[in-house]
Ligand SMILES: *[C@@H]1O[C@H](CO)[C@@H](O)[C@H](O)[C@H]1NC(C)=O
């Protein structure tokens, strides 16, 4: 009996050790967030084991088939050889509809348009806006590296932004939004920049919507990286790992990025575009001393120039490029390593004269919209977001 109690006690202690994470006071439903994160970490470990056994990863089971419901017709198809999931309102419309081109997150290494949270998000947009949603896939790291992810997304987008295709879906070419979260926000920002000077694409987007986007891989020691290094559901270590995997499987880049020593002297002229001393609002700088990235490994920038490429780091575009960008919606979360990427883009776009609507979620954590089904704060933010789209798209 005593032995049993002891085992139980040890199991409980181990479980709480795995689950418990200190969180800021203003995070709502803290235990739910801890449990969610523990589950995500557990499935990552389990997927590692399954991979060794040659079985599909756990997230394979997050996928839902393309299932139409009473209001929405769902179809998996190809746009320019890129797999996409299209959500269309069932009800006939006498006028042309709005459209959203959505890019899922997952650190360029995971995620899928068929994952339940993304499938659900798309249906919410269709129902609220009576819009067509195209949710694109793209090939992932580490099997494929930059610029494959970007090119897949851009190929699908180009395919969609044609008169003939838009007519087929009954979409108004003047009312199209591109949106994405996290790595998807990165790809959305990069694709929107690329659209500006692509003479072959005549139809442009009305709005770009960047949800806690990753926007630069030059400085990995921003105040948000320092403050939120261990915050669910995205640790600094994991973000840096995914950034480096976007460019290469060479662990040397990851190690150098973790030490913020991956840049070279030749890239010094780019530092001003990510200088948080100049670009972050005062209150986000409190308690932090500025140090610029260290020139450590000049060979890394030569071997893997991707992290200096605007298609991977949209914050590195110069002002003359930014000027032409459309109405931009940016959502940032206080407890997110990527917070300052978003905040700095807000500053840079506003300085370039772009119209920016910025939503900062004071009690928000990374992934809050994707988890909107499970968290009150997520539901609140999703409703706000849908209302904004309804009024502005
Ligand atoms: C379909 O739309 C109606 C009216 O907006 C709504 O009440 C219903 O819940 C929707 N059904 C589904 C499956 O989303």
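The values are calculated or read from the model by the stated rules, or taken from the named source; none is laboratory data. Just so we're clear, the structure is a prediction, and the values are computed from it rather than from any experiment. When we count neighbours, we look across all protein chains shown, and the Cβ atoms used for this are built from the backbone with ideal geometry, even at glycine.
See the values below:
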read-out	value
Options 67, 36, 75: the member that is outside any loop (DSSP other than H, G, I, E, B) and without any contact (Cβ under 8 Å) to a residue 24 or more places away in the chain	75
Residue selected from segment 56-73 under the condition in contact with a strand residue (DSSP E or B) (Cβ under 8 Å, 6 or more places away or on another chain) and within 15 Å of the ligand (Cβ to nearest atom), by the criterion modelled with the lowest pLDDT	64
Options 92, 128: the member that is in a helix (DSSP H, G or I), within 16 Å of the ligand (Cβ to nearest atom) and surrounded by fewer than 21 Cβ atoms within 10 Å (Cβ to Cβ)	128
Yes/no for residue 113 being under 17 Å from the mean Cα position of the chain (by Cα) and part of a loop (DSSP other than H, G, I, E, B)	yes
